[in-house]
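Enquirer: Dropping the structure in here first, questions after.
Nothing in this text is a laboratory measurement; each read-out follows from the coordinates by a stated rule. Given the structure is predicted, the values throughout are model-derived calculations rather than measurements. Backbone-built Cβ (ideal geometry, glycine too); neighbour counts: all protein chains shown.
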């Protein structure tokens, strides 16, 4: 069976079709810093980290498998760019593996990780941030109720970030 050759479409037609489907195309931005200049840390959108603030940090338990990380990555991507680009920090031995930056929201997977986050952040930061607790990733893979609680947690984080931006 012969297939018709792929015809190219105009960019305006492509934009109309994507808009009708509800798809927002992402465009990679070029860096505005000269090659030899060492400036402040950059966020993906080209805004300095100090000016933008960190929207969300995901706190994960030690030893997450590939399937669990893949499931969480897909769930975060499905919730939009603010959560897709969220920083991820692992908890190893009851302590956070890295310094956790101040963020507007924290998505924490498991009570042990919540306790580790509470021990590492100052009380003022904890008071200002929205902290949402979800089940551990291994449980999310095996339980339908845990998946439902994860979606509710993701919805809470999205609404918290949306209200904080206004």
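Enquirer: Mind ordering 145-156, 102-113 by average Cβ neighbours within 10 Å, highest first?
Expert: Details: 145-156: 15.4, 102-113: 20.8.
In decreasing order of mean packing, 145-156, 102-113 become 102-113, 145-156.
Enquirer: Per residue, what volume in Å³ does the convex hull of the Cα atoms of region 53-165 enclose?
Expert: Once divided by residue count, the hull of region 53-165 is 91 Å³.
Enquirer: Spin-label point model (7 Å from Cα, Cβ direction): what's the residue 66 to residue 99 distance in nm?
Expert: Each label point is offset 7 Å from its Cα along the Cβ direction, giving 3.4 nm.
Enquirer: From the P(r) of region 69-124, can you give the percent of Cα pairs sitting at distances over 17 Å?
Expert: Values: 622 of 1540 pairs.
Here the tail beyond 17 Å accounts for 40 percent of pairs.
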